[in-house]
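Asker: Submitted below is the structure of interest, expressed as structure tokens.
The values are calculated or read from the model by the stated rules, or taken from the named source; none is laboratory data. Nothing here was measured: the structure is a model prediction, and the numbers come from that model. When we count neighbours, we look across all protein chains shown, and the Cβ atoms used for this are built from the backbone with ideal geometry, even at glycine. Side chains included, ligands, DNA and RNA excluded: accessible areas come from the protein's heavy atoms. Shrake-Rupley method; radii C 1.70, N 1.55, O 1.52, S 1.80 Å.
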Amino acid sequence: MKLLHLDSSILTDNSVTRELSAVVANTLRQRHANVETSYRDLAANPIAHLSGEIVGARFAPESDWTATQRSEAALSDQLIEEFLAADVLVIGAPMYNFSIPTQLRSWIDRVFAAGRTFKYTETGPVGLVKDKKVVLVSARGGVHSGEQGSLMDFQEDYLVKVLGFLGVSDVEIIRAEAVNMGPDKRATSIHMAKEAIAKLAL
């Protein structure tokens, strides 16, 4: 079994998603004898945001690529291969300003690859990434799971739809909310998330 574990929080030791994503990854390794793990800390080692130069490689012969275009194309290939090879993805994705960290968005931009992770057809786009399980580890400072709070959720819903576009339908969410609403609520939310992890079908 191959596990791809991504963290994107900028909060290092104070991060709820880092704590919980590690629990998910460790739970998977405890349940399965042979787990090959690939880990990327997208905050500590950020992927460059797409630029005109990087995207320009798509419209130029490889012989004319700049050094940056060559290195970034190689990185994109590596990220796509890691994504396709994984049986399970664990994604630590905190909510920042109602959305996801830009570091995670940079990873998404690289694995969105026409012809490799999705394709265009006469009836519309089709995801090419199948038979993959994703565990989204979500943390929010406030509460966004209710009807009113969900109106400002461009984090979990976005990630589920992005993954679905690529063909990934088996997505489970481990959520810790109200983590900035006092130490008691933070501790309770983390405890409940860990209980949910213990019940995951991994």
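Asker: Please work out which residue is modelled with the highest pLDDT, limiting yourself to segment 141-157 and to residues that are touching a helix residue (DSSP H, G or I) at 6+ places or on another chain (Cβ under 8 Å) and not in a loop (DSSP other than H, G, I, E, B). Explain how you work it out, then say what you get.
Answerer: Our first condition is that a residue be touching a helix residue (DSSP H, G or I) at 6+ places or on another chain (Cβ under 8 Å); within segment 141-157, this holds for 142-144, 150, 157.
From what is left, the residues that are not in a loop (DSSP other than H, G, I, E, B) are 150, 157.
Numbers: S150: 71, D157: 93.
By that ranking, first place goes to D157.
Asker: If you go through segment 21-35 one residue at a time, how many are open to solvent by 90 Å² or more (accessible area, probe 1.4 Å) and touching a residue at least 40 places away in the same chain (Cβ under 8 Å)?
Answerer: 1
Asker: How do the pairs read when you match residues in segment 79-99 that are farther than 19 Å from H49 by Cβ and of a type in the set (A, V, I, L, M) with residues anywhere that are open to solvent by 60 Å² or more (accessible area, probe 1.4 Å) and assigned to a loop (DSSP other than H, G, I, E, B), using Cβ under 7 Å and keeping only pairs 6 or more apart or on different chains?
Answerer: V88/M1
Asker: Anything in segment 166-202 that is in a strand (DSSP E or B) and β-branched (V, I, T)? List them, or say none.
Answerer: Residues satisfying the conditions are V171, I173, I174.
Here is a yes/no grid of residues against (1) at pLDDT 95 or above; (2) surrounded by 14 or more Cβ atoms within 10 Å (Cβ to Cβ); (3) touching a Phe, Trp or Tyr at 6+ places or on another chain (Cβ under 9 Å); (4) among the basic types (K, R):
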| residue | (1), (2), (3), (4) |
| --- | --- |
| R40 | yes, yes, yes, yes |
| A44 | yes, no, no, no |
| L50 | yes, yes, no, no |
| Q69 | yes, yes, no, no |
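Asker: Further, regarding this structure: Any residue that is of a type in the set (G, A, S) and open to solvent by 10 Å² or more (accessible area, probe 1.4 Å) - is there at least one of those in segment 5-18?
Answerer: No: zero hits.
Asker: Could I ask something else about it? Can you pull out the residues in segment 157-181 that are free of Cβ contacts under 8 Å to residues at least 40 places away in the same chain and open to solvent by less than 30 Å² (accessible area, probe 1.4 Å)?
Answerer: If the condition is that a residue be free of Cβ contacts under 8 Å to residues at least 40 places away in the same chain and open to solvent by less than 30 Å² (accessible area, probe 1.4 Å), then L163, E177, A178 are the ones that fit.
Asker: Kindly indicate whether T123 is over 21 Å from the mean Cα position of the chain (by Cα) and either in contact (Cβ under 8 Å) with a residue 40 or more places away in the chain or open to solvent by 70 Å² or more (accessible area, probe 1.4 Å) (or both).
Answerer: Against the criterion (over 21 Å from the mean Cα position of the chain (by Cα) and either in contact (Cβ under 8 Å) with a residue 40 or more places away in the chain or open to solvent by 70 Å² or more (accessible area, probe 1.4 Å) (or both)), T123 qualifies.
Asker: Across segment 132-152, what is the total count of residues that are in contact (Cβ under 8 Å) with a residue 12 or more places away in the chain and either open to solvent by 20 Å² or more (accessible area, probe 1.4 Å) or among the basic types (K, R) (or both)?
Answerer: Residues that pass the stated criteria total 9.
Asker: Let me ask something else about it. Quick one: which helices (runs of 4 or more DSSP H) lie wholly within segment 1-120 and hold at least 3 residues that are under 21 Å from A196 (Cβ atoms) and not acidic (D, E)?
Answerer: Answer list for segment 1-120: 16-31.
Asker: Still on this structure: So D13 clears everything in (1) over 17 Å from the mean Cα position of the chain (by Cα); (2) farther than 30 Å from P183 by Cα except one condition, right? Which one?
Answerer: Just one mismatch for D13, condition (2).
Asker: So which residues in segment 1-10 are hydrophobic (A, V, I, L, M, F, W, C) and either without any contact (Cβ under 8 Å) to a residue 12 or more places away in the chain or closer than 15 Å to V137 by Cα (or both), if there are any at all?
Answerer: Within segment 1-10, L3, L4, L6, I10 meet the criteria.
Asker: Let me confirm something: among S15, S38, S51, which residue is over 20 Å from F83 (Cβ atoms), in contact (Cβ under 8 Å) with a residue 40 or more places away in the chain and polar (S, T, N, Q)? Full working, then the answer.
Answerer: Numbers: S38 fails: over 20 Å from F83 (Cβ atoms); S51 fails: in contact (Cβ under 8 Å) with a residue 40 or more places away in the chain.
Within the list S15, S38, S51, the selection yields S15.
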